[in-house]
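Quick notes on the structure that follows.
The values are calculated or read from the model by the stated rules, or taken from the named source; none is laboratory data. These numbers were taken from a predicted model, which means no experiment stands behind them. Here the Cβ positions follow ideal geometry from the backbone for every residue, glycine too, while neighbour counts run over all protein chains shown.
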Amino acid sequence: SKVKLQQAERIKVVGELAASVAHEVRNPLTVVKGFIHIFKNESNLTTSQISSLALMDSELQRAEKIIHDYLSLAKTNTTDLEKIDMIELCNHVIYVTESYALLKGVTVLNQLQDTYYVTANRSELSQVFLNLIKNGIESIDEKGTLTLSSSKTKGYVQIDITDTGKGMSEEEIQRLGTPFYTTKDQGTGLGTMFCYKTIGHLHGEIKVKSILNEGTTVSVLLPLCRG
Ligand code: ADP
Ligand code: MG
């Protein structure tokens, strides 16, 4: 529809603009990072200098993460498509996010099963699940669970990511995926935007069901590979 097209065009422009800025900012950061590493190796540093350097390092890492979020927006490696086992890919993302979940007191229940092949760009699809799993973990204030499950419906594989987190109102669900919408102190509001864009390109769909103060299920549907 016309509205959808306008939305896609807006996302494209925002993405390209953001990416060009992000790219320019990355170079000076690299220079600063290099000097931090040189100073770290000085032999007669005081304790407070050492902790300041550590702080500089972690803040730089945070800046790099933000830049990464912005850069991934403009990229679409639709040329680098391959046949991917979705379950294997999700298992890998779960493995990568395990320590983050542990740190946040979140128990991850992996109920993924069977083998489902899709055609996609591997790193982009990993980024989609990384973003969604991270959002699930971050929605949980204290203890909670994140459950991943898989199923097949009419030529599509469906992955459900369910959290017992803070949930979203109908309004909040509507704002999901729009540029810069975030409720987090250190959020960029670009994660879900990237997910919608990438899954849209692959002719898939993202569905969100949420109840305030109870939790959220995000479902990713992708067409199954033929043959
Ligand atoms: P960011 O994570 O940087 O804030 P996202 O685009 O990933 O950006 O998410 C946008 C906003 O949507 C989040 O700040 C949060 O308010 C909301 N949100 C996303 N996923 C969930 C979830 N699983 N549960 C509750 N709120 C969520
Ligand atoms: Mg996010």
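Results, tabulated for the structure shown:
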{"quantity": "Residue list for the stretch 178-227, filter: touching a residue at least 60 places away in the same chain (Cβ under 8 Å), under 24 Å from Gly144 (Cβ atoms) and among the polar types (S, T, N, Q)", "calculated": "Gln186, Thr188, Thr192, Thr216, Ser219"}
{"quantity": "Residue satisfying condition, being modelled with pLDDT of 95 or more and either of a type in the set (Phe, Trp, Tyr) or away from ligand 2 (no atom under 16 Å from the Cβ) (or both), within set Lys154, Lys207, Lys166, Lys143", "calculated": "Lys207"}
{"quantity": "Number of the condition not met by Ser126 [criteria: (1) more than 26 Å from Asn213 (Cα to Cα); (2) at pLDDT 95 or above; (3) among the small types (Gly, Ala, Ser)]", "calculated": "(2)"}
{"quantity": "Qualifying positions in the stretch 178-227 - at positive phi and within 7 Å of ligand 1 (Cβ to nearest atom)", "calculated": "Gly189"}
{"quantity": "Condition check for Leu55: under 26 Å from Val21 (Cβ atoms), free of Cβ contacts under 8 Å to residues at least 60 places away in the same chain and away from ligand 1 (no atom under 16 Å from the Cβ)", "calculated": "yes"}
{"quantity": "Selected residue (criterion: farthest from ligand 1 (Cβ to nearest atom)) from residues of the stretch 121-140 that are part of a loop (DSSP other than H, G, I, E, B) and over 16 Å from Leu202 (Cβ atoms)", "calculated": "Ile140"}
{"quantity": "Any hit, the stretch 72-82, residues being within 14 Å of ligand 2 (Cβ to nearest atom) and in a helix (DSSP H, G or I)", "calculated": "yes"}
{"quantity": "Of residues in the stretch 163-177 being near ligand 1 (Cβ under 9 Å from one of its atoms) and under 22 Å from Leu109 (Cβ atoms), the one surrounded by the most Cβ atoms within 10 Å (Cβ to Cβ)", "calculated": "Asp163"}
{"quantity": "Test: residue in the stretch 193-213 that is over 28 Å from Val13 (Cα atoms) and out of contact with any helix residue (DSSP H, G or I) (no Cβ under 9 Å at 6 or more places or on another chain)", "calculated": "yes"}
